[in-house]
Structure formats: structure tokens, C-alpha cells
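The values are calculated or read from the model by the stated rules, or taken from the named source; none is laboratory data. These numbers were taken from a predicted model, which means no experiment stands behind them. Glycine also receives a Cβ, built like all others from the backbone with ideal geometry; neighbour counts cover every protein chain displayed.
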Number of protein chains: 2
Amino acid sequence: MTRPAHGLFLVYTGNGKGKTSAAVGAVVRATGQGFRAVMLQFIKSGKRVSGERVIAERLGIEVAALGDGFTWLSKDIDRTKQLALDAWERAKGIIAGGEYDLVVLDEFTYPLQYLWIDTREVVAAISARPAHVHVIVTGRAAPDALIEAADLVTEMREVKHPYQAGIPAQRGIDF
Amino acid sequence: MTRPAHGLFLVYTGNGKGKTSAAVGAVVRATGQGFRAVMLQFIKSGKRVSGERVIAERLGIEVAALGDGFTWLSKDIDRTKQLALDAWERAKGIIAGGEYDLVVLDEFTYPLQYLWIDTREVVAAISARPAHVHVIVTGRAAPDALIEAADLVTEMREVKHPYQAGIPAQRGIDF
């Protein structure tokens, strides 16, 4: 398999919809081209079965929901924080290991934003990755240092959102 | 299967990367939740095998590349335009038919932008769709009338792009 000279580091940030969907799409494309891809979800818990997890299992793609569904609104903030730290330890090992061609850190900006995880350590770990590894980080409000380190950054900007009109999250579209 | 009261009409626009990836991700999620999804690609030709097409075939999702890879730069502009018109006729039938729960019109803003297809006709067709049908349109510079008609609009804004740094499109990431 032809591999690029160096894997890319992509960031999908902003307050609009489509960040995780774009990462799911990237995983699917990469898998279709024979790459090995893994998706680590930092906020989502394993309780709600997402559409991407069903398909990932069918395709043999690893999607690990490592959060508890909560962020800074958690009732047990110490546990939520610890889950994020554990997930990052796992992510670091996976990035450094080079077993996967594409590693997605989904909704990873949140623990950075809350300063639970040190962004400098993250930038160092991503920068030191094996040459063939692509990394995608998604989540609102990516820290400047992360944007600085990335090769490609897209801001998903919310122009119009149906929840403004009172339409709830929909299975098959939102998860 | 529980269906929402009315399907959503989503637009992913802007000059940044991630629009088609987000649509691919949406198709995957929808399929994982038991929805029937189809992706009509208005610019891509069937010549280059994309990662999403490989996976779609594996999952039994229809991805139809209906363009010739060209836009207004086409050497045979009449043919390129006719392909877009034919693709739209097909899309109209699929949207109205209600066989699919999610219909993606990928890179569909381009023929609208060139005025090859009448945006008012498109808005009318999408507005008249069966209640369970979700529609996603992707592409730069979505016409105002399309944004007006949509339930959800995200602008993928380019913050940083590796091609600025001379890195070419990469298999497994860009297609």
C-alpha cells in the first residue's frame, strides 16, 4: 500500500453540526482504501448505541466510547475527568504504537478546554507520532496550540440549527 | 422503526474540508440505525474508486458518482451540464419516491451556482418530499434560497489547509 510521506493532523472544530460526522466519514473512507482506523470517543458513553458503532462493528472498525456522556455538567466530575485521562492514556499508546493509519480523537477538545489534559502534552504526543499515522481531533473550541500544530483545520460554523426551532435530536441523523 | 415527525433538510457548505466526509458519516450513521440511505455525487466520476464507494458497496449502500469529475473547467461543458441535469432528474425521482430515508446530493451546489439547475425548482422538490425523507446537500457557496429553505446549515470554514503547504490530495483521507 502506498503511504503518504507523512500522515496529516486534522482538526474539526467550531460550534456547528458535522464535526463527528466528518470524522466518521474519514474513518469510512480510510477503511475503504485499506487503512486501519480507530475512533476514540471522549464524551460519548457506551450506553446509547450510535449508528456509527453499529456500522463500525460490521466493518471491523474499532469505535470505543470512553466517556460517560457528561462534560463539565457531570454530577461526578472526578469520575468524568478520570475517564478522560484514562482515554487519553489509551490514545497516546495507540498513536505512538503505529498499529493504526488513522486515529480519531472524537470530542477531544472538551477535556483540553477544561484543562483536565495538558494541551502541550497532546501536541507533543501527536507531533511525535509515527510518520504514517493520520490523526483527527474533533470538538468545539480547539485550543490555539492545537490549531497551530495541525496541518488542516476546518471550523464547522453553525449558520442554522433545527434545535433553535425546537426539533429534538434524531436517531439516524444525530447519533 | 420510529421515524421523526418530519425529515430534516441539511446543508453543508463553505470552502473548508469535511462537507462530503460529514455526508458520508451521516449516511453511515443512518444506515447503522436501520435507515435506507443513498448518496448521489454530482461532480465525482465513477472512474476513481473512492473509499466511501468501497465501503458503501460492502454495506449495500448506493453511492452513484454521476458527474465526469469536471465543473465549469470542463472541456466539454455541454456534456458536463447534461450530466448534472440528468443527475438532478434522477435525484428528483428518488426524493419524491420515498424509498430512501436519507438522500444525499453531494457537491450539488455547483450546478446550482452555474445556473445549470434552477434553485427554485430544487427548493420546491425538496419541500414537497415525503415526510420521512431527510435530505443533505453539500458543496461550496450554497445559494441563499437553499439556505433559507434548510432546517440546518453548517458552514465548513477553511482555517488552515495543507495544500497551502504543497501537500497533495491523499488516498484514504481526501477520497
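Kindly establish whether B:Gly46 is facing chain A (nearest Cβ under 7 Å) and either under 11 Å from the mean Cα position of the chain (by Cα) or not β-branched (Val, Ile, Thr) (or both).
No: the conditions fail for B:Gly46.
Go through region B:24-36 and report how many residues are at the interface with chain A (Cβ under 7 Å from one of its Cβ atoms), among the hydrophobic types (A, V, I, L, M, F, W, C) and either assigned to a helix (DSSP H, G or I) or under 10 Å from B:Glu52 (Cα atoms) (or both).
So the count comes out to 4.
Here are some residues: A:Ala56, A:Ala26, A:Ala22. Which one is within 23 Å of B:Lys17 (Cα to Cα), in contact (Cβ under 8 Å) with a residue 24 or more places away in the chain and touching a Phe, Trp or Tyr at 6+ places or on another chain (Cβ under 7 Å)?
A:Ala22 is the lone residue from the list that is within 23 Å of B:Lys17 (Cα to Cα), in contact (Cβ under 8 Å) with a residue 24 or more places away in the chain and touching a Phe, Trp or Tyr at 6+ places or on another chain (Cβ under 7 Å).
Hey, among A:Gly60, A:Gly51, A:Gly7, which residue is more than 8 Å from chain B (Cβ to nearest Cβ), over 22 Å from A:Gln113 (Cα atoms) and surrounded by 14 or more Cβ atoms within 10 Å (Cβ to Cβ)?
Selected residue: A:Gly7, the only one of A:Gly60, A:Gly51, A:Gly7 that is more than 8 Å from chain B (Cβ to nearest Cβ), over 22 Å from A:Gln113 (Cα atoms) and surrounded by 14 or more Cβ atoms within 10 Å (Cβ to Cβ).
Going through region A:118-175 one residue at a time, which ones are surrounded by 15 or more Cβ atoms within 10 Å (Cβ to Cβ), among the small types (Gly, Ala, Ser) and on the phi < 0 side of the Ramachandran plot?
A:Ala125, A:Ala142, A:Ala149, A:Ala150
Would you please name the residue that is farthest from the other protein chains (Cβ to nearest Cβ), looking only at residues in region B:63-82 that are in contact (Cβ under 8 Å) with a residue 24 or more places away in the chain and more than 20 Å from B:Ile173 (Cα to Cα)?
Selected residue: B:Lys81.
Of the residues A:Val153, A:Val137, which single one is modelled with pLDDT of 95 or more and within 9 Å of another protein chain (Cβ to nearest Cβ)?
Exactly one of A:Val153, A:Val137 is modelled with pLDDT of 95 or more and within 9 Å of another protein chain (Cβ to nearest Cβ), namely A:Val153.
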